[in-house]
Amino acid sequence: MTIFDLQRHSPSVVRLGAGRGFLVQTRERLSRRLIVTAAHCLPSFPPCASISLPEERTYPDLIGHRGAEPSIWVECLFVDPIADIAVLGSVDDQALPDEAAAYDELTEEMQPFAFTEPRPSEPAYVLSLGGNWLEVRLNAHGRCLSLSPGSVVQSGMSGSPLVYADGSVVGVAVTNEGPHPMLAKATPRWCDLA
């Protein structure tokens with residue numbers, strides 16, 4: 001595959017507040033489409049309580065197409081403030097059927113990124129603010145990745161996927177300096193990314 005194959009994935013990078021997120025899909029029997037982002041892109045963190053209510057984890061008008069105002073509601077399913085990663089999904093379709101339908105409509109038209117482990121010998125890419133895929137080199141360090149050149153991630157690119165030319169995602173861009181969370185180490189097992 002070539003960098004041009006990534007163009008079909010460009011619409012799968014969404015606006016998420018002042019940053020971005022991107023679509024992945026789980027492998028479970030009842031596959032789910034989820035949005036992964038940098039945790040600091042969330043407007044606030046949900047309560048630290050296993051008994052929190054869905055409405056306490058729901059964000060109205062948080063995601064949408066890049067270049068458009070966010071208008072889609074999401075529920076935070078996982079957030080790790082240390083790794084700076086969050087996983088979002090559809091809101092409860094019983095309590096918020098119109099909002100759940102809007103999430104499904106948005107994500108069904110997208111090509112999810114496939115999950116992969118780091119491949120340090122291959123060039124990787126991050127989507128620029130202008131919509132071009134910029135080449136970077138990735139180095140794995142425990143649970144994190146570093147980028148070279150390190151100055152490629154600009155304000156507004158947080159939450160963008162770090163991908164290979166075949167459309168497989170390995171991490172999440174968070175800041176200029178990094179470190180950037182590696183999906184294999186930073187997402188919970190129940191995500192079971194495809």
Original post:
For 105, 99, what's the largest-to-smallest order of accessible area, 1.4 Å probe?
Top reply: 105, 99
Subject >> Alpha-carbon centroid distance for the pair region 29-101 / region 131-194, whole angstrom >> reply: 20 Å
Original post:
Round to a whole number: what % of the accessible area of region 111-183 belongs to carbon and sulfur, probe 1.4 Å?
Top reply: 50 percent
Subject >> Per residue accessible area of the chain, 1.4 Å probe, in Å² >> reply: 48 Å²
**OP:** Express in Å², to the nearest 10, the accessible area of residue 65 obtained by rolling a 1.4 Å probe over the protein heavy atoms while all chains stay in place.
**Re:** 80 Å²
Original post:
Under unit Cβ charges (Lys, Arg +1; Asp, Glu -1), what dipole magnitude, rounded to 20 debye, does the chain have relative to its Cα centre?
Top reply: 700 debye
Original post:
Based on Cβ point charges of +1 for Lys and Arg and -1 for Asp and Glu, what charge dipole magnitude is obtained for region 77-188 about its Cα centre, in debye rounded to the nearest 20?
Top reply: 800 debye
Original post:
Relative to the longest principal Cα axis of the chain, at what angle does helix 97-108 sit, 0 to 90 degrees, rounded to 10?
Top reply: 20 degrees
**OP:** Sort 113, 45 by accessible area with a 1.4 Å probe, largest first.
**Re:** 45, 113
**OP:** Kindly sort 108, 177, 28, 75 by accessible area of their heavy atoms, largest first, with the probe set to 1.4 Å.
**Re:** 177, 108, 28, 75
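The values are calculated or read from the model by the stated rules, or taken from the named source; none is laboratory data. The structure displayed is predicted, hence computed values, not measured ones. A quick note on method: Cβ atoms are made from the backbone with ideal geometry, for glycine too, and the neighbour counts reach across all protein chains shown. Note: areas computed on protein heavy atoms with side chains; ligands, DNA, RNA excluded. Shrake-Rupley method; radii C 1.70, N 1.55, O 1.52, S 1.80 Å.
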